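First up is the structure itself, then whatever we jot down about it.
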Amino acid sequence: MGEDYIYGVARVHARETRLLGAGDIQQLMACKTCDECLRVLTDKGWGAGDGNTSPEAMLAAEEEKTWAFLKELTQDLEPFQALLAPADYNNLKAAIKCAGTGVPPEHVFLPGGTIEPEVLLRCVQEQDFSPLPPAMAQAAEEAYRRFLNTQDGQLCDIILDRACLQAIQACGERTGGLVAEYAELVTAAADIKVAVRACRAGKNPEFIRAALVPCATLDTDALAAAACQGLEELYALLAATPYSQAAQRLKESSSAFEKWCDDQVMERIKEEKHSYESVGPLFAYVLARRSEISTVRIILSGKLNQLDDGMIRERLRDTYV
């Protein structure tokens with residue numbers, strides 16, 4: 001297994017030198033406008049090279065480059081289902097809501113999944129989910145049936161969000177190592193966000209338990225019970241878990257919590273820089289690129305909306321290099 005990755009890992013480690021570092025981020029922050037940032041990024045090789053320098057086009061091109069490079073390194077994308085599943089399930093949500101309401105599916109699908117959105121839409125319209133993976137097909141059938149009966153988009157989202165997290169967990173269990181750790185953190189973070197939102201909305205215990213996905217580092221029954229008692233009880237519960245710092249960030253804001261989660265992932269994937277015999281460095285590279293693109297998106301958005309630099313810096317993620 002290790003020998004299968006040695007060549008790919010060596011190329012990844014060489015490519016890591018092109019990632020934006022702290023100095024590059026400072027250079028972007030020193031730009032006065034979004035257009036100035038885009039010129040700096042173009043000089044660094046960002047974008048598709050087709051003259052389209054809009055922020056979204058540039059970021060989409062970088063995402064495409066990441067996966068194109070990965071596919072040069074390995075034909076086995078199974079370990080990366082943990083990263084690809086969210087796009088597929090998001091597109092499945094969109095397909096169900098479009099088919100269930102008769103709204104044309106315009107600008108609702110995300111790129112980057114493993115299943116063509118047109119296939120998902122056809123499965124829903126024909127109510128034939130057999131072309132989908134078994135677990136996804138089962139969730140899709142249930143979500144569509146519930147949506148037709150209730151027109152409750154939130155219930156549809158809960159069913160498919162839960163199935164997505166279970167797919168991520170299953171990928172982690174099959175792959176192990178970094179992928180398993182990533183899957184655990186993603187699931188726990190999602191459970192915490194669900195619990196906080198449900199607490200604020202005054203949801204009942206049955207609703208909360210149905211939305212949570214069991215994971216190794218959180219007692220979801222205790223989490224649901226605490227969420228029904230109030231935010232202070234919920235924060236107190238989290239303080240006694242590996243997510244005590246997350247509770248502090250939640251008290252600040254949801255964006256502070258999201259940043260904490262992303263920085264935890266970054267801290268872990270940095271350990272893969274010295275590994276050469278597993279899929280871990282490849283997985284870490286994709287995560288590093290995603291974090292880099294997210295950081296650039298935050299800066300571009302901030303410059304475009306003329307936000308104070310201090311506000312932008314508060315949202316910036318840690319860099320990989």
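Alpha-carbon geometry of the stretch 213-321: the Rg and the Dmax are 16.9, 48 Å, given in that order. In plain terms, the bigger the Kirkwood radius, the slower the diffusion; for the stretch 42-104, with that radius from Cα pairs, at 20 °C and 1.002 mPa s, Stokes-Einstein puts D at 150 µm²/s. Oblate is the label for the stretch 149-263, because the ratio a/c of its alpha-carbon gyration tensor axes (a ≥ b ≥ c) is 1.5 or higher and a/b is not greater than b/c. With the largest listed first and rounded to whole Å, the semi-axes of the equivalent ellipsoid of the stretch 79-140 from the Cα gyration tensor are 18, 14, 8. Protection proxy ranking for 84-95, 228-239, 290-301, using the average of other Cβ atoms within 10 Å per residue and placing the highest first: 84-95, 290-301, 228-239. Where the alpha-carbon atoms of the stretch 105-205 are placed on the principal axes, they occupy 38, 37, 25 Å, in descending order. The length gained on full extension between residue 71 and residue 107, counted as 0.36 nm times the residue separation minus their Cα-Cα distance, comes to 10.3 nm. Heavy-atom accessible area with a 1.4 Å probe sorts 103, 119, 279, largest first, into 103, 119, 279.
Each eigenvalue of the Cα gyration tensor of the stretch 236-295, multiplied by 5 and square-rooted, gives one semi-axis; in descending order these are 27, 15, 6 Å.
Accessible area of residue 199 (1.4 Å probe, protein heavy atoms only, ligands and nucleic acids ignored): about 20 Å². When all protein chains stay in place, what accessible area (Å², nearest 10, 1.4 Å probe) is found for residue 24? About 40 Å², ignoring ligands and nucleic acids. Computed about the Cα centre, the dipole magnitude for the stretch 42-113 is approximately 260 debye when only Lys and Arg (+1) and Asp and Glu (-1) carry charge, each at its Cβ.
Annotation: per residue accessible area for the chain equals 50 Å², rounded to a whole number [probe 1.4 Å, protein chains only]. Find, to one decimal place in angstroms, the Kirkwood hydrodynamic radius of the chain, where the mean of 1/r is taken over every pair of different Cα atoms and then inverted. So the Kirkwood estimate lands at 21.3 Å. The heavy atoms of residue 13 present about 20 square angstrom of accessible area, all protein chains included, probe 1.4 Å. Here the sum of -39500 (n - 2.57) over DSSP H runs of 4 or more residues, divided by the residues of the chain, equals -23500 deg cm²/dmol at 222 nm, to the nearest 500. In the stretch 170-218, one over the average inverse separation of all distinct C-alpha pairs is 11.6 Å, which is the Kirkwood hydrodynamic radius. Computed over all pairs of different Cα atoms, the Kirkwood value for the hydrodynamic radius of the stretch 12-130 is 17.1 Å.
Computed from the Kirkwood radius of its Cα pairs, the Stokes-Einstein diffusion coefficient for the stretch 13-59 at 10 °C and 1.306 mPa s stands at 139 µm²/s.
Shown is the FRET efficiency for residue 173 and residue 15, computed with R0 = 25 Å from the Cβ-Cβ distance and rounded to the nearest 0.05: 0.30. About its Cα centre, the dipole of the stretch 130-223 is roughly 260 debye, where the only charges are +1 on Lys and Arg Cβ and -1 on Asp and Glu Cβ.
Think of the stretch 126-251 as a dipole: +1 on every Lys or Arg Cβ, -1 on every Asp or Glu Cβ, centred on the Cα centre; then among 151, 196, 172, 196 lies furthest on the positive end.
Helices in the chain that qualify as membrane-span-like (whole DSSP H runs, Cα extent of at least 15 Å along the helix axis, mean Kyte-Doolittle hydropathy of 0.5 or higher) are 177-201, 280-304.
The values are calculated or read from the model by the stated rules, or taken from the named source; none is laboratory data. No experiment lies behind these values; they were computed from the predicted model shown. Here the Cβ is made from the backbone with ideal geometry for all residues, glycine too, and neighbour counts use every protein chain on show. Just the protein is used for accessible areas: all its heavy atoms, side chains included, with ligands, DNA and RNA removed. Shrake-Rupley method; radii C 1.70, N 1.55, O 1.52, S 1.80 Å.
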